[in-house]
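Taken together, the values in this text are just the output of simple stated rules run on the coordinates, not laboratory data. A quick note: this is a predicted structure, and the numbers were derived from the prediction, not measured. Note: ideal-geometry Cβ built from the backbone for every residue, glycine included; neighbour counts use all protein chains shown.
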Amino acid sequence: MADLNTKSKLHARLSAFVEWVAPDPETRGEINGQIDEIRTRISDKAKEDGLTVTATPRAGSFAKDTGLRRHMRGESEVEGQDIDVPFVVKPPKEGEYQLGPMVDKFEKYANSSYPKTEKDKTKSSIKLKFTSTLSYDLVPLFATKDPERQILVRTDGEYIETSEQKHTEFITDRTSKSDEKKGVVRFNECVRLVKWWREVRCADGNYLKEVPSIIIDLLCAKAFDRLSVQTTYAQTMTEWFTYLAHVVRKKEQVAFSDYAKIPPIDKTATWQVIDPVNPDNNIANKMRVYEIDELAEWFESGRDVWNRAIAADLRKEDSRSLEQLVGLFGNSLKNHCED
């Protein structure tokens, strides 16, 4: 693949678009202050109720710095950030992990702490809507004997052991590694591009209407570990999409040795995307064959579009290159790709 100059029109457009989809960095301090306030108020209410909050770890895309400031809903851009605020609580009895009653408790704490704030209750969290574009998800988790591991209860009643701290570290470590190389794009900004592309594709998906962010995180980490990042977004994305198209099409195991040994390949599993902090948790275990195949088609199509965008850019065919980018990221890119 020919080298792209960071001064190329293609790179300039992608750099501007990344800045547009990313949360405003100037708001991070204010948001962190609000998170701290929520932690204190809700933890105090829990204590009054006799519930022990053992930890409130940093978690989610905000903590990982991979979140989006806005999202795609169909063909529309919707402003909004959802910030995860986990509360790790001591279970009433060892091994007793009942999510419903715990969510009810947190609804009571939220109503008492923020009586005038709009709220939504889900099966697994309480959402505090501070503004029309900023909300905080209060997510109860259960403590284990290890302070850095928690029990996450799914809405279907299944529970798994995880580590919010290590999930955040897993991503931020790779961003830090990309920062160590001068003159290259950042890992977390590349994750943002893939997330936006995912949302555009999900809006048009046949069978596949949702790809969880954790799967996007792990696929990007797999590509980064294999290929690192290059001087431009287009070079990086072309290499990543080419590699991931192969990984998903061949249903190769996606696993990491950051915190545990890579488990043996399970020949009975359709596809293995292994939780890096819990090798027993296959995050892709509920994906059907046709959904995995559609995801492979997305990466294959994306790979081809990236190659056409680069070829057009090298020929100085700016309008043709822009047309390819719109095919990847929707009309939003056309409207938000200038400095």
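Under a 5 Å amide H to amide H cut-off, with H placed in plane at 1.01 Å, what residues pair with Phe87 once short-range neighbours are removed?
Val139, Leu141
Which pairs, out of Lys105/Lys129; Lys45/Lys123; Lys121/Lys251; Lys7/Lys195; Lys90/Lys127, put more than 28 Å between their alpha-carbon atoms? Can you show the working numbers first?
Numbers: Lys105/Lys129 18 Å; Lys45/Lys123 21 Å; Lys121/Lys251 36 Å; Lys7/Lys195 25 Å; Lys90/Lys127 21 Å.
Listed pairs above 28 Å: Lys121/Lys251.
For Asp204 and Asp304, FRET efficiency with R0 = 22 Å and r from the beta-carbon atoms, rounded to 0.05?
Values: r = 16 Å, r/R0 = 0.74.
Between Asp304 and Asp204 the formula returns 0.85.
Nearest 500 deg cm²/dmol is fine: what mean residue ellipticity at 222 nm does the chain get from its DSSP H runs of n ≥ 4 alone, each adding -39,500 (n - 2.57), divided by its residue count? Intermediate results must be reported in sequence, preceding the final value.
Working: 11 runs with 163 residues, N = 339.
So the calculated ellipticity at 222 nm is -15500 deg cm²/dmol.
Quote the FRET efficiency, to the nearest 0.05, computed for Thr27 versus Glu323 with a Förster distance R0 of 30 Å and r equal to the Cβ-Cβ distance.
Values: r = 33 Å, r/R0 = 1.11.
Efficiency at R0 = 30 Å is approximately 0.35.
Taking θ as phi - 60°, what are the ³J(HN,Hα) couplings along segment 286-295 by the Karplus curve (6.51, -1.76, 1.60), each to the nearest whole Hz, with x for Gly and Pro?
Listing the rounded values in order: 9, 6, 8, 4, 5, 6, 5, 5, 5, 4 Hz.
Considering Cα pairs under 8 angstrom that are at least six residues apart, work out the relative contact order of the chain and quote it in whole percent. Could you put the intermediate results ahead of the total?
Numbers: 524 pairs, mean separation 61.8, N = 339.
Dividing the mean separation by the residue count of the chain yields 18 percent.
Please compute the contact order of segment 220-339 in relative form: average sequence separation of alpha-carbon pairs under 8 Å and at least six residues apart, divided by the residue count, as a percent. Show your work: numbers first, answer last.
Numbers: 129 pairs, mean separation 24.8, N = 120.
For segment 220-339, the relative contact order is 21 percent.
Just the number, please: percent antiparallel of the DSSP beta bridges in the chain, rounded to the nearest 5. If you can, show how the numbers build up before the last one.
Numbers: 23 of 33 bridges.
Here the antiparallel bridges make up roughly 70 percent for the chain.
As a footprinting exposure proxy, order Leu325, Leu10, Leu134 by other Cβ within 10 Å, with the fewest listed first. If you can, show how the numbers build up before the last one.
Numbers: Leu325 22, Leu10 25, Leu134 19.
The most exposed by this proxy come first: Leu134, Leu325, Leu10.
Separation of segment 100-177 and segment 321-338 by C-alpha centroid, Å?
Each part reduced to its Cα centre gives a spacing of 34 Å.
What do you get for Rg/Rh over segment 25-162 if you use C-alpha atoms and the Kirkwood form of Rh?
Details: Rg = 15.2 Å, Rh = 15.7 Å.
With Rg and the Kirkwood Rh in hand, the quotient comes to 0.97.
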